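Working notes, structure below.
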Amino acid sequence: MADSKVEFKEIIAKGVNEFIKKNGIQTDAVSAESIVVQAAPNPQMGDLGSPMFAFAKTFRMAPPQIASGVTELTGETKLGKILAVGPYVNIKLNKTDAASSILNTITKQKENYGSFNQEGKKPLTGRKVMIEFSSPNTNKPLHLGHVRNDALGESVSRILKAAGADVYKVDLINNRGVHICKSMLAYKLFHEEKGETPQSLGMKGDHFVGQCYVEFDKYLKGEKDKPETAHPEAAEQAEEMLVQWEKGDKEVHALWEKMNEWDFEGVKQTYDRTGISFDKYYFESETYLKGKDEILKGLEKGVFFKADDGSVRIDVTDVVGKGKDGENQEKVLLRKDGTSVYITQDIGTAISRHDDWAFNQLVYVVASEQNYHFKILFHILKKLGFDWADKLYHLSYGMVNLPSGRMKSREGTVVDADDLIDSLHEDALQAIKERGRDSELKDTDEVAEKIALGALHYYMLQATPIKDMLFNPAESLNFNGNTGPYLQYMGARINSILDKAKENGISMDSSEEAVSLLTSEDEWTLVKQLGDYPSVIEKAAENLDPSMVIGYVYETAKDFSKFYQTCSIVNAGDAKLAGARLYLAQCTLQVIKNAMNLVLVPYLEKM
């Protein structure tokens, strides 16, 4: 379809320029690149269409009049039959040529199919994109919210790479602060004397540290002791521990390093399990003081100002508007004692990252709760004169909730990522056994794990990022409908169809003669759907939105299902037609596998 769109653009451009010349219109010639080509609004009236609305004002004519005139001047074309339909110039493609082009391109490019646009180029070639996501705290395991963040970050990274961008994935590990000290204090109170470690208790390190964090909160409230006794002094003790950490106390640092290692190793195990990877880890303990020098430089230049209390601030009224009482809005960048605040750290980290890897775009995958923070951050970096600040982008995503409500890690009700995947794994394993498929599979545990991950990632990515979502584990594992397991089932089904055809002595036939037999409505619909894949990747990359790929691959799976119901391969009745349909099935499987990889859904040959 991509080649057809390019050729159709050239035909339309030629026709429009002839129309300009014939009617004596005073305007510049149009280029093929400026012509818009899209799927025709009504498939019965053509396969591709080019709207003429853009020329109406310049030509001083109604779009239908322009479409009719351009159509008359285009003449005959091997590409297909051109016709005017209202304000559109449509074309009914020569199905044989178009199908051969699309299927041959898929066969040639294989796993790279989808990466090249209508002009045969990777659309984002030359763009260097750094993408930050996950950013866990080292006082607990990854939870359900991280799963959505990680899925978005990893999927967007893969989509950008597929579109030709040079991608660098980074993770900011939040490994300092009073929340970390709370876990440390609980360890000293309840585990240190016993010599307990994650290894001695048979626990993942992040789970053990997370348990300590919950124990601190219970101790603070008096829920840990019998009889119940609150310990409000524990909050002050945790804060004092942070002060000692910042002073470099050796004992505090030794415990901090040990517990951070426990937690981070556990987090990395979850990353490995879910297929998440990074090119570099940044640690808050190494970056939290950076940015202060830049703020002081900005103060000297007059970008910032010193308030009456001695703090350094910036007026952000032009970014966030006036306050409730009409006063200007200000953001503190350095406290009156000269210490940094959170945004100061982010300023220094962004500058350091550009020094490390000179990106021309930096994407932050962070929940929508931080929208205000990133507006201010980007504004400050622009004020400091960094030209790349215009390319900073906050990929804001909505919260993930459960039927029981929001997650609260302090209360121990957080939905741990590992526990969630374990639960989905067990449910998938049970479904395999109920269907009697366990005897057909070499490794049911491996299949169940891939089904669990496919269910989880697909569910997380099917909605546009900005939307809040309710995660329903039972729905995510449904083998029918818009789910990961359904997509995996369709992939396995197509693979089985290919094997069955071989057993029946049917060979794929990619000859033009065979492809010319793919004339039914369902065959042609599927062919055109496969041809649209490159444009979907380009749009998803530009919009940083994996849901576009999810929607596309689901429709592709449905189109194949309908094709297979009406177009038998084994019982086609003609060897060439059977071979052509088998060829179409093979190409469909390739496209589905390519898309599945981009949205983190593992492909299964059998399930």
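The values are calculated or read from the model by the stated rules, or taken from the named source; none is laboratory data. Please read all numbers here as calculations on a predicted model, not as lab measurements. In this analysis, Cβ positions are derived from the backbone assuming ideal geometry, glycine residues included, and neighbour counts consider all displayed protein chains. Remember, those area values only see protein heavy atoms, side chains included, never the ligands or the DNA or RNA. Shrake-Rupley method; radii C 1.70, N 1.55, O 1.52, S 1.80 Å.
Summary of computed values
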{"read-out": "Value of Rg to Rh for the range 438-502 (Rh from inverse mean 1/r over Cα pairs, i.e. Kirkwood)", "value": "1.06"}
{"read-out": "Using θ = phi - 60° and Karplus 6.51 cos²θ - 1.76 cosθ + 1.60, couplings along the range 170-181 (whole Hz; Gly, Pro as x)", "value": "10, 10, 9, 8, 7, 10, 9, x, 5, 5, 5, 5"}
{"read-out": "Crossing angle, helix 95-109 versus the chain [Cα axis fit, 0-90 degrees, rounded to tens]", "value": "40 degrees"}
{"read-out": "Accessible area expressed per residue, the range 481-607, with surrounding protein chains retained (probe 1.4 Å, Å²)", "value": "38 Å²"}
{"read-out": "Alpha carbon convex hull of the range 264-360, projected area averaged over orientations, nm²", "value": "9.6 nm²"}
{"read-out": "Computed P(r) (all Cα pairs; the range 175-270; 10 Å bins; percent)", "value": "17, 48, 31, 5"}
{"read-out": "Surface share of carbon and sulfur [accessible, 1.4 angstrom probe, percent] for the range 1-158", "value": "49 percent"}
{"read-out": "Cross-link partners of residue 250 among lysines (Cα-Cα below 22 Å; sequence separation of 8 or more within a chain)", "value": "182, 188, 194, 258"}
{"read-out": "Difference of contour (0.36 nm per residue) and Cα-Cα distance, residue 188 to residue 496", "value": "105.1 nm"}
{"read-out": "Solvent-accessible surface ranking, highest first, for 581, 60 at 1.4 angstrom", "value": "60, 581"}
{"read-out": "Karplus (6.51, -1.76, 1.60) ³J(HN,Hα), θ = phi - 60°, over the range 12-28, in Hz, Gly and Pro reported as x", "value": "5, 4, 4, x, 5, 5, 5, 5, 4, 5, 5, 9, x, 7, 8, 6, 6"}
{"read-out": "Length released on extending from residue 25 to residue 558, taking residue separation times 0.36 nm less the Cα-Cα span", "value": "187.2 nm"}
{"read-out": "Which listed pairs, of 247/322; 247/324; 247/297; 280/322; 562/606, have C-alpha distances above 31 Å, in listed order", "value": "247/322; 247/324; 280/322"}
{"read-out": "Accessible-area ranking of 603, 282, largest first, probe 1.4 Å", "value": "603, 282"}
{"read-out": "Rounded accessible area of residue 354 (nearest 10 Å², 1.4 Å probe)", "value": "40 Å²"}
{"read-out": "Full-stretch length increase - residue 332, residue 253 - with 0.36 nm per residue and alpha-carbon distance subtracted", "value": "25.5 nm"}
{"read-out": "Within the range 417-439, backbone nitrogen closer than 18 Å to the virtual label 7 Å beyond the Cα of residue 503 toward Cβ", "value": "436-439"}
{"read-out": "Spin-label model distance (nm) - residue 390 vs residue 230, 7 Å beyond Cα toward Cβ", "value": "5.5 nm"}
{"read-out": "Proximal aspartates and glutamates relative to residue 21, as straight alpha-carbon distance under 16 Å, when same-chain residues fewer than 8 apart are discounted", "value": "72"}
{"read-out": "Qualifying trypsin sites (Lys or Arg not before Pro) for the range 294-380 [loop in DSSP, other Cβ within 10 Å: at most 12]", "value": "322, 324"}
{"read-out": "Trypsin sites (Lys or Arg not before Pro) restricted to the range 181-288 and DSSP loop, no more than 15 other C-beta within 10 Å", "value": "194, 247"}
{"read-out": "Computed label-point distance, nm, for sites residue 200 and residue 566 using a 7 Å Cα→Cβ extension", "value": "6.9 nm"}
{"read-out": "Phi-based couplings in Hz for the range 419-429 (Karplus 6.51, -1.76, 1.60; Gly and Pro marked x)", "value": "4, 5, 5, 4, 5, 5, 4, 5, 5, 5, 4"}
{"read-out": "Accessible solvent surface per residue of the range 253-322, calculated while the other protein chains remain in place, 1.4 angstrom probe, Å²", "value": "53 Å²"}
{"read-out": "CD proxy at 222 nm, helix term only [per DSSP H run n ≥ 4: -39500 (n - 2.57); per residue of the chain; nearest 500]", "value": "-17000 deg cm²/dmol"}
{"read-out": "Spatial separation of Cα centroids for the range 585-599 and the range 548-564, in angstrom", "value": "10 Å"}
{"read-out": "Residue 401 long-range amide H proximity, modeled H, under 5 Å", "value": "469, 470, 471"}
{"read-out": "Estimated Rh, the range 474-607: Kirkwood, alpha-carbon pairs, angstrom", "value": "15.3 Å"}
{"read-out": "Sites residue 300 and residue 320, calculated FRET efficiency, Cβ-Cβ separation with R0 25 Å, nearest 0.05", "value": "0.50"}
{"read-out": "Förster radius 41 Å - calculated FRET efficiency between residue 358 and residue 443 (Cβ-Cβ, nearest 0.05)", "value": "0.40"}
{"read-out": "Largest-first ordering by accessible area, 1.4 Å probe, given options 434, 330", "value": "434, 330"}
{"read-out": "Estimated inter-spin distance, residue 45 and residue 375, nm [label 7 Å along Cα→Cβ]", "value": "4.3 nm"}
{"read-out": "Neighbour cut-off at most 16 other Cβ (10 Å), DSSP loop, chymotrypsin sites (Phe, Trp or Tyr not before Pro), the range 309-364", "value": "357"}
{"read-out": "Degrees separating the helix 292-301 axis from the principal Cα axis of the chain, which is the longest one", "value": "80 degrees"}
{"read-out": "Answer label, with Cα extents along the principal axes in Å calculated from the coordinates and candidates (1) 72, 56, 48; (2) 85, 63, 51; (3) 85, 70, 39", "value": "(3)"}
{"read-out": "Largest to smallest principal axis extent of the C-alpha atoms in the range 304-434, angstrom", "value": "69, 39, 28"}
{"read-out": "Cα-based equivalent ellipsoid, the range 1-108: semi-axes from gyration tensor eigenvalues, Å", "value": "25, 14, 11"}
{"read-out": "Cα-based Rg / Dmax (Å) for the range 119-248", "value": "20.7, 74"}
